[in-house]
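Trainee: This structure is in structure tokens; I'll ask about it shortly.
The values are calculated or read from the model by the stated rules, or taken from the named source; none is laboratory data. In this text the structure is predicted, and so the values were computed from the model without any measurement. Cβ: placed from backbone, ideal geometry, glycine included. Neighbour counts: every protein chain shown.
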Amino acid sequence: MKAVIDFRAQLNPVQLEAVTHGTGPLLIVAGAGSGKTRILTCRVAHLISQGVQPSAILGVTFTNKAADEMARRVEKLVSASVPLSTFHSFCLRVLRAESDHIPYQRNFVVYDKTDQLTLVKDCMRRLNISEKHAKPRAFSNAISRAKDRLITAPQFAKSVKSYMDESVANVYSEYETAILKANAMDFDDLIMRCVELFQKQHDILAKYQQRFSYMLVDEFQDTNHAQYVLTKLLAQKHRNICVVGDPDQSIYRFRGAEIRNILDFERDFKDARVILLEQNYRSTATILEAANHVVSHNVERKEKKLWTKNDAGAPVSIFRAADENDEARFVARCIRELSDEQAIASLNDVVIFYRIHALSRVFEEEFRRARLPHAIIGDVGFYSRREIKDIVAYLRVVVNPADDVNVRRIVNVPHRGLGESSQEVLARYARACSISFYDALDQAAKVPRLAAGMKRKIGQFMTLLKKLQKAAQSMLPTEFIRLVLDETHYIEEMCGSGDTQDRARVENIKELISAAAEYENTCPDERASIDGFLHEIALSSELDSWNDSAESVTLMTVHNAKGLEFPVVFMVGLEEDLFPHFNSLEDPTDVEEERRLCYVGMTRAQKRLTMTSAYHRTVFGQRKVREPSRFLTELPSTHSEVRISDHRDSITDAPPPEQPRRGSATHVPDNGEYQAGLRVKHPHFGPGVIESVQGSGDEARLTIKFESLPGPKVLVAKYAKLRAAR
DNA sequence: CAGTCGACTATTTTT
DNA sequence: TAGTCGACTG
């Protein structure tokens, strides 16, 4: 198929260059709103119009949603469907296709975070590591980070440097044995096993290298080491590799992403063409300036200046609310006003970003009260709800009985009188004979120290499982789920208690059946199967199914905001300890990531940006005085407009319970008695000396030279949390 | 073995 | 605050 497309009308010269770049490596550094998605889609369309087979293009995006979106747009341009995927879904497909060549059986399953954590806990128990001493979460994270860097358990064991490392090494090793036995892979395994396969089996690698003559990787700044290695392996042969990224938008370092990959790309592909896209088409000049200004506070950053031809637009609106309820009310009122004034065409034009999900609750309550239609993205994902995990566990067990985690999940759900202690007996037996938990159940009759009554109950359970297994051979996912519900009486048992959550649970189960039906209808190869469905849901998230056609305001975390844009953006909870989050405050590098996160949020806005904070907020059930985020003070004052809640007085009347500070240092009076020369101490910057004071009272601006900082810093007295130092 | 109670503690962010 | 975890009792 050859159809010349003239992109010149819709692209600027730099974009055109990126789109029509021929062969060889290409690095596109695409600033926020510079038309990145358009370039990627046009490039794919361009390649196809040049005669490249769609199936020869490997496009990798960050989320399934982005993949779908891009596929849709490509299809519109050239009416060809290009297989776009995420790293994880691509690897899963490869591993399934090549299952004969990996140390797994064909029917392996994918473990999500919860399964992974259960398994880690299990391993810890076997190694006699107390959960109090070290958190399971810490171990699972450490294991994930190791896998991101392609470090195997034996390699990890060789490089231990501390006592903690040693524990991790032990758990890691135990975990690897267990997960392999369970015939399961976690998210990180998908990448790592795929790399391993390619490195060990050159013929297989060659096959995929041959197949994909062009590669595109989106959100390159958020790829981890393993993903980059995978990319390099695949691109080695043709070297037609195009990566797109923006270092300023790297927000997944905590998950192993390496911004360095962008720099390494130029090193690894010396002949790479580098194209910088710096014109922003999305935001008003004011918003863009403000965002640029904030992110320019990052030290570890390559200088880059986005610009735009767009109008200045309204100033960035800063609002200080009395407390979190006041904040939510304010946002709701603003949205109403915008809507009434017809400043927005639809509620879909509005989004609310917060740093952590916990903040969504207040807004949810307020919006419900205000009858403002809204959709909350994320939080407890659909597939991690208990009832869904329970039912899905049955599917998983039927497909892969070796999956101990899920066998143990369902063995007593619904209750069958097979509690903790008999499970423990079985688990011990299984381990002694080195068989799976399932096999132990199957041989229950032979297991000593098990009451006859138990053996009978286990027998009944096994009869049920075998019946299900047999039925599964010839059933579609929907039919099978219904069968499970019938046979186990799950709904009656778990949802018949009159609990308020029961109705939602039943709804969720119905939703699961719908999802299965949806899968069956769209299954590409007409071979809808239970394990196919399992793989489908393993990598799906709520964001993917987010339907932006419903008329409603969207609420989501800033992390979910990547790649999206909205005419009206509210960023809420901009307070120290929250955004930047307190876990990041120790390490300047982490704070820089928070700042990039803030930058990503701000640059989603097209027309209006409002950033709010509260004077008081209830955190951990305790009312606390809050300090506005440093990111707010980093905004250029010329581009913003500050408003303070009318309710402020009524709040400040109530004396905040001033928590006693440790140590003998006294509070610097916040009634304006600052003077140059005073030695002070700041919670983050440490000791310093006031160089000069401008203004007085709370609003006084203090220029302070901190010992920890190279130059003096200007702080507003009220928010500086200063203490006197001797 | 299961249900209830109280204590406790944890909160980023996600494919 | 709320959700989880563990101990205790029926």
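Trainee: Across the stretch A:552-576, which residue is nearest to DNA strand C (Cβ to nearest atom) among those that are part of a loop (DSSP other than H, G, I, E, B) and surrounded by fewer than 21 Cβ atoms within 10 Å (Cβ to Cβ)?
Mentor: Selected residue: A:Ser552.
Trainee: Step by step: first the residues of the stretch A:71-99, then only those that are aliphatic (A, V, I, L, M) and free of Cβ contacts under 8 Å to residues at least 40 places away in the same chain, then the one that is surrounded by the fewest Cβ atoms within 10 Å (Cβ to Cβ). Which residue is that? Reasoning before the result, please.
Mentor: From the stretch A:71-99, those aliphatic (A, V, I, L, M) are A:71, A:74, A:77-78, A:80, A:82, A:84, A:92, A:94-95, A:97; that's our starting set.
Among the residues that remain, those that are also free of Cβ contacts under 8 Å to residues at least 40 places away in the same chain are: A:71, A:74, A:82, A:84, A:97.
Values: A:Ala71: 20, A:Val74: 25, A:Val82: 24, A:Leu84: 26, A:Ala97: 12.
Among them, the one singled out is A:Ala97.
Trainee: Considering A:Ser167, A:Ser144, which residue is in contact (Cβ under 8 Å) with a residue 24 or more places away in the chain, in a helix (DSSP H, G or I) and closer than 28 Å to A:Leu216 by Cβ?
Mentor: On the way: A:Ser167 fails: closer than 28 Å to A:Leu216 by Cβ.
So the residue among A:Ser167, A:Ser144 that is in contact (Cβ under 8 Å) with a residue 24 or more places away in the chain, in a helix (DSSP H, G or I) and closer than 28 Å to A:Leu216 by Cβ is A:Ser144.
Trainee: On to the next question. Which residues, counting only those in the stretch A:418-444, are surrounded by fewer than 19 Cβ atoms within 10 Å (Cβ to Cβ), of a type outside the set (A, V, I, L, M) and assigned to a helix (DSSP H, G or I)?
Mentor: Passing the criteria: A:Glu420, A:Ser421, A:Gln423, A:Glu424, A:Arg428, A:Arg431, A:Asp439, A:Asp442.
Trainee: Look through the stretch A:342-377, keep the residues that are away from DNA strand C (no atom under 15 Å from the Cβ), under 21 Å from the mean Cα position of the chain (by Cα) and in a loop (DSSP other than H, G, I, E, B), and return whichever of them is surrounded by the fewest Cβ atoms within 10 Å (Cβ to Cβ).
Mentor: Ranking the candidates gives A:Ile377 first.
Trainee: Additional query: What pairs can you find where one residue is in the stretch A:355-367 and over 18 Å from A:Met611 (Cβ atoms) and within 14 Å of DNA strand B (Cβ to nearest atom), the other is at pLDDT 90 or above and not charged (D, E, K, R), and their Cβ atoms are less than 7 Å apart, with a gap of 6+ or different chains?
Mentor: So the pair list comes out as A:His357/A:Thr557.
Trainee: For the stretch A:387-439, how many residues meet the condition of being under 26 Å from A:Arg503 (Cα atoms), more than 14 Å from DNA strand B (Cβ to nearest atom) and of a type in the set (Lys, Arg)?
Mentor: The number of residues fulfilling the criteria is 2.
Trainee: Does A:Leu234 count as surrounded by 18 or more Cβ atoms within 10 Å (Cβ to Cβ) and either within 13 Å of DNA strand B (Cβ to nearest atom) or part of a strand (DSSP E or B) (or both)?
Mentor: The answer is no for A:Leu234.
Trainee: Determine if the stretch A:54-70 includes at least one residue that is in contact with a strand residue (DSSP E or B) (Cβ under 7 Å, 6 or more places away or on another chain) and among the aromatic types (Phe, Trp, Tyr).
Mentor: Scanning the stretch A:54-70, I find at least one residue that is in contact with a strand residue (DSSP E or B) (Cβ under 7 Å, 6 or more places away or on another chain) and among the aromatic types (Phe, Trp, Tyr), so the answer is yes.
Trainee: Filter the stretch A:93-122 down to the residues that are touching a strand residue (DSSP E or B) at 6+ places or on another chain (Cβ under 9 Å) and more than 14 Å from DNA strand C (Cβ to nearest atom) and list them by number.
Mentor: Across the stretch A:93-122, the qualifying residues are A:Arg93, A:Leu95, A:Tyr104, A:Phe108, A:Val109, A:Val110, A:Tyr111, A:Asp112.
Trainee: Assess whether A:Val110 counts as being more than 26 Å from A:Ala430 (Cα to Cα) and of a type in the set (Val, Ile, Thr).
Mentor: So A:Val110 fails the test.
Trainee: Being among the small types (Gly, Ala, Ser), within 23 Å of A:Gln249 (Cβ to Cβ) and either over 27 Å from the mean Cα position of the chain (by Cα) or buried (at least 18 other Cβ atoms within 10 Å of the Cβ) (or both) narrows it down to one residue among A:Ala45, A:Ala56, A:Ala32; which is it? Write out each step before concluding.
Mentor: Details: A:Ala45 fails: within 23 Å of A:Gln249 (Cβ to Cβ); A:Ala56 fails: within 23 Å of A:Gln249 (Cβ to Cβ).
Going through A:Ala45, A:Ala56, A:Ala32 in turn, the sole match is A:Ala32.
Trainee: Quick one: what pairs do we get from the stretch A:605-628, first residue under 30 Å from A:Arg282 (Cβ atoms), second aromatic (Phe, Trp, Tyr), C-beta under 6 Å, 6+ apart or different chains?
Mentor: A:Thr610/A:Phe570; A:Thr612/A:Phe319; A:Pro628/A:Tyr719
Trainee: Additional query: Please name all residue pairs, on different chains or six or more residues apart, with Cβ atoms under 6 Å, provided the first residue is in the stretch A:442-466 and is at positive phi and the second residue is part of a helix (DSSP H, G or I) and not aromatic (Phe, Trp, Tyr).
Mentor: A:Arg449/A:Val425
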